[in-house]
Structures are given as structure tokens and as C-alpha cells.
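**Q** Can you keep this structure in mind? I'll have questions shortly.
The values are calculated or read from the model by the stated rules, or taken from the named source; none is laboratory data. Just so we're clear, the structure is a prediction, and the values are computed from it rather than from any experiment. Heads up, the Cβs are rebuilt from the backbone with ideal geometry, glycines too, and the neighbour counts pull from every protein chain shown. Note: areas computed on protein heavy atoms with side chains; ligands, DNA, RNA excluded. Shrake-Rupley method; radii C 1.70, N 1.55, O 1.52, S 1.80 Å.
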Amino acid sequence: MTDAKVLNDWPQPYRLMDAQPYWEALADEQLTFQRCADCEQAVWPAHSVCTHCGSAGLSWEQSSGRGTIYSYSTILRGPTPVWSAIAPYTVGFVQMDEGYFLFTQIEGEPDGIEIGKEVSARFVQRGEQKLPVFALVTSGEEG
Amino acid sequence: MSTAPGAAIVGMGDAYASLDNRKDPLQLAVEATTAALADAGIRKDQVDAVFTGRSPWADKRSQWSNIFISHMQMPVTLTSELTMHGAGLTATIAVASQMIAVGAAEYVLCLQSDATQLFVDAVAMGAEADADPQFEVPYGPTIPALYAQAARRYFHEFGLTEEDLADVAVANQRWGAHHPYAAKRKHGEIDRAKVLASPYVATPLRRWMCSTWGGGTGGALIVTSAEKAREAQNPVYVLGCGSATTHEYLGDRMNMRHCRYPGLGEFPNLTHTATAEAARQAYAMSGLGPSDIDMMQISVNFAHMGPIVMEDLGFAKKGHGIDVYREGRTGIDGDLPTDTNGGWLSFGQPGISCNMDSLVEAVRQLRGQALGLAPARRPRTALVQGAGGMLAAGSVALLSSST
Ligand SMILES: [Zn+2]
């Protein structure tokens, strides 16, 4: 892969083995995370041992795809041409309803994005990879 | 009351490069080391160990500390890179002191150089180097956008505003406007309106609230025992050191539920850093506290880190660090002159060497050899805080011109 190709394409995730089920599920537009069978807490990012209690009893669950904005920033100056082309775009942490924090892109008008607002996931194709991004939940969709 | 220091800096050398005066990291390192050896009055064959931070951005070969001694044709007993992302560079002083204390070395060289702007497209490389390549990089974060996650939370939790951050930039530029090697020197002193008129880089951070890549720097320090330092011209004693790190990637930090260090507050949060624990260790080792410090060189790559670091170092309660700037304490007439070369915000970040620039500035001021402005009252005890990564690691060194 040449440098020019790297700069002009969507960066692809550096896949590690713990997260293989996550990436596979995303191909089917399913957002998943791990939960510990012993302490029952959500575990994220993907691990082979529970970061909270040390148990190896982790299993994959499907997320509701809903959460609230914990923090965010709108980027005016993209790092490479593919990002400059979609700037301004917003990245941030979503506190998922299941209790873990996911770094993601938050779509929508920057002025409408605020800490605490509800968001839900949808899926976008970025190069060979399908990725979850989030958008504000409008009042009509709530409940 | 402080305990007797075990080690001291007896040699200092610095070197500078610019677009008009290009030097690569190896050249900067050689120039700084040559000056430091001369300053200490020793030959290269008397150096027992060499510690650097991680490889310069402008020369990313791994084993850089060993590449350096190879280039110098300078056999030693130990070389290593102390990383903690970038904060390890400040911790080289601690490790050097420990080696000396146990008799494993007589002289240790702590060294770093870089010249990112002269050799690298740092904006393109930035996020890939500092974000999680699996779960963050696919969303295109930049370094300012990752730091902005903390700024946004800081605003939200403590009610700070862009105006407050502007005051930090103004305070640092007051120093930087007068330092010959400060990247933003040419702009002169600025006011709040100028900061608030600059465009957003990543909300809520505007251009004047962000550090810039600037030129190239090299810095070298020779550390030896406090006993040997008695023969030296201008020794700077190492009174205390500390360091801590909580993560590499912000996503790991956000998903921690608790932290063993009480100074970092309830988890998750993005408003406390490992510097709080690093400072606790350094104060405990030295027997000093914040009221004993009369100058600081700290890591303020984005304006909100000024107040956050002030709080982590114990100079204000969480959420009130901005008062230290508002009250003028960090200025030339203040009781806590801070970032006297302009700091990362105005001096700029030449690259990995930015934490060494802070150490060099502290040594110069303690010796009365400032290249830019000097505080109205010559400082005697300085705190140097080096940070690394995305709010990840912190290291603190307490230095003094007297024992
Ligand atoms: Zn568990």
C-alpha cells in the first residue's frame, strides 16, 4: 500500500484477535459488546479477561445501539484528504445504555450536539469496513 | 523541610533549528550533548548511561538511544528509552538519580531532540500516532479533537468558557513573545479578543488555544551525585521525582471504573490526569509542597490543560485552576512564574523534545541564564511537569539551585 493510497482512503481498523467477533457482527449491521458472567459488568474495548474482576467468562451480547453523548468535538480541519472532504465532522464518546463508552462519530449539525443528548446507532460503509456511527434521537423516535 | 538530594544536574546543553537553519534530530542531539559535556567538564567516556524519551518524530528509528551512542562512538553500560508516551523523558531524571544513588553510575546523560515541522507532515501522522488504531482511528480523530473531549467535559462539569481558555493563551504568549526560539514569537503579545477571533481547530479549541509544531530543539542534561556536584559551577539539585500513567488510548481510560490513585478522582472522568499522582510522589520524596515552588514549566499543549495541570499539581481545587492565571500568578511579577519560555502553547512543540525544552528552561532560569525573559524574582525551586499521550501519563521533577 503506497502512502498516497493510505492518505486518500478511509483508514481501516487495526484488528486484534479479541475483537474479531465485533468486526464480524458489524458486517451484519449488529453492534455488539462483551459482558462478564461473573461481575455482570459490560466490558469494552474487547478483551480476553474481564478488566473489572479478572474473570475469563466474557461473552458477546448485542447492544441496543442507544446511549447519550458523554463528550464530543467537531473537527474543522481533517487530518487527511478523505477527512477534509467530510469536514466539519464530530467525534466523541457515547455512554451506551449498557454502561460502556464507545468512541464514535456523531452525525448531525454541530450546533445541535450537546452532552447528555440521546443518540442511536446506524451503520456506514467506510472502505471495506462497516462502522457504527450515531445520530441524535429526534423526539418522534423516542420511546 | 526537605530531605537531602541524592543527585544533581551539573551539565546542560541545548540546540535549536528552524526552517531557515535546518538540523536533523541526530545533529541537534550531538550539539546539545557536546555543550552539556563541556558545561559539566567531563569527557564522553565518563558517561555511564544514556536515557532518552521515545524516538523523535523526525527520525523514527527504534532503539534511538542506542543509535545515538553508536553515532557518538561512545560505549556505555546502559542505554534505554523511557517512554510513557512522552512523559518518560521527564522521568529520565528520576532513573538517572536512582542509578547514581545505588552506585551503578557516576554520570548519566538524559537527552532528547526532535524537529517534526522540518521533516514530517505532522497533521496527517498525528491522530494515527496517538489514537487507538482499532477503535478510534477509523473515525478520523485529530490530536486536538481528542484533547477537546476533555475540554468539553471540563466546561460542562466546572462551568469554564472559551474566555477562560483565552486567558491561558494570553498569559503564555506574554512570555513567548520575548523568547528568541518561541514558535509564536513573531505575533507579539496578544489579547483575549485575538484568541477568540481565531478559527476553531476542533471545538471548543481555537487555533490560539492549541500548541503549534515549531522548529527543532535538542536538550542534554548530565546528572551526577549531589556530592560530586559540590565541585560544579552551577549545580541544580534533584529534590524529588514522581510519575504515573493510566492509559495509552482514551477509549481505555473512559472504560476504567476506578483507579488506584485517589488523586485522580471518581472514574470515569477526563478532568484529572496522572500528573496528580506524579506530583504526590514528588512532594512526598522531597518533603516540599506547592507553597515551596517558585517557578513551573508544565505541559500545556492545549489551553484547558493549563488549569487542569495546575489543579493536578495542587495549586487549586478542581475547577479553579484558571484562578492561578486570572490572578496573574504565572506572569513575570507573579509568585508562580509558569512556562517562562512561552510553554508548549507559545514556544511550540518541536516534537518529542518538548518535555526536554521544559527541563532546559527550568535549569536556565534556576541558573540565571534565561534566553528570554526572567521572572522579577529569581526562582530557587522549580517544578517541571511532563505529560505524554492523550491525557495519559505525567511525570514531575522538583529542581532547586540549593540543597
Ligand atoms: Zn468481571
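**Q** Do you know which of the residues in the range A:51-74 that are under 21 Å from B:Cys259 (Cα atoms) and buried (at least 20 other Cβ atoms within 10 Å of the Cβ) is farthest from the ligand (Cβ to nearest atom)?
**A** For the range A:51-74, the residue satisfying everything is A:Ser71.
**Q** Tell me, yes or no, whether the range A:75-98 has at least one residue that is assigned by TED's automatic domain parsing to the domain that holds A:Gln125, in contact (Cβ under 8 Å) with a residue 24 or more places away in the chain, within 16 Å of the ligand (Cβ to nearest atom) and out of contact with any helix residue (DSSP H, G or I) (no Cβ under 7 Å at 6 or more places or on another chain).
**A** Yes - at least one qualifying residue is present in the range A:75-98.
**Q** Just to be sure before I move on: is B:Glu248 assigned to a loop (DSSP other than H, G, I, E, B), among the acidic types (Asp, Glu) and under 26 Å from B:Leu313 (Cβ atoms) in the structure I sent?
**A** Taking the combined requirement at face value, the residue satisfies it.
**Q** Moving on to the next point. Here's a check for you: in the range B:264-278, which residue that is free of Cβ contacts under 8 Å to residues at least 60 places away in the same chain and buried (at least 20 other Cβ atoms within 10 Å of the Cβ) is nearest to the chain's Cα centre (by Cα)?
**A** Taking the candidates together, the pick is B:His272.
**Q** Moving on. Just one of (1) within 12 Å of chain A (Cβ to nearest Cβ); (2) open to solvent by less than 10 Å² (accessible area, probe 1.4 Å); (3) touching a residue at least 24 places away in the same chain (Cβ under 8 Å) trips up B:Met254, so point out which.
**A** Here B:Met254 meets the rest and fails (3).
**Q** Tell me whether the range A:13-23 contains one or more residues that are more than 9 Å from chain B (Cβ to nearest Cβ), open to solvent by less than 60 Å² (accessible area, probe 1.4 Å) and within 16 Å of the ligand (Cβ to nearest atom).
**A** no
**Q** Those residues that are part of a loop (DSSP other than H, G, I, E, B), closer than 16 Å to A:Glu98 by Cα and not hydrophobic (A, V, I, L, M, F, W, C), I need them from the range A:11-37; list them, please.
**A** Across the range A:11-37, the qualifying residue is only A:Gln30.
**Q** What is the one condition in (1) more than 16 Å from the ligand (Cβ to nearest atom); (2) more than 8 Å from chain B (Cβ to nearest Cβ); (3) open to solvent by less than 10 Å² (accessible area, probe 1.4 Å) that A:Cys36 does not satisfy?
**A** (1)
**Q** Can you tell me which residue among B:Gly126, B:Gly219, B:Gly214 is modelled with pLDDT under 95 and outside any helix (DSSP H, G or I)?
**A** Matching residue, one of B:Gly126, B:Gly219, B:Gly214: B:Gly214.
**Q** Just to be sure, is A:Glu114 in contact (Cβ under 8 Å) with a residue 12 or more places away in the chain, away from the ligand (no atom under 16 Å from the Cβ) and surrounded by 15 or more Cβ atoms within 10 Å (Cβ to Cβ)?
**A** no
**Q** Follow-up. Check B:Gln233, B:Gln281 and return the single one that is at pLDDT below 95 and open to solvent by 10 Å² or more (accessible area, probe 1.4 Å).
**A** Matching residue, one of B:Gln233, B:Gln281: B:Gln233.
**Q** While we're on this one: Quick check on my filter: what residues within the range A:44-69 are closer than 30 Å to A:Val124 by Cβ and either polar (S, T, N, Q) or touching a Ser or Thr at 6+ places or on another chain (Cβ under 6 Å) (or both)?
**A** Residues satisfying the conditions are A:Ser48, A:Thr51, A:Ser59, A:Trp60, A:Gln62, A:Ser63, A:Ser64, A:Gly65, A:Arg66, A:Thr68.
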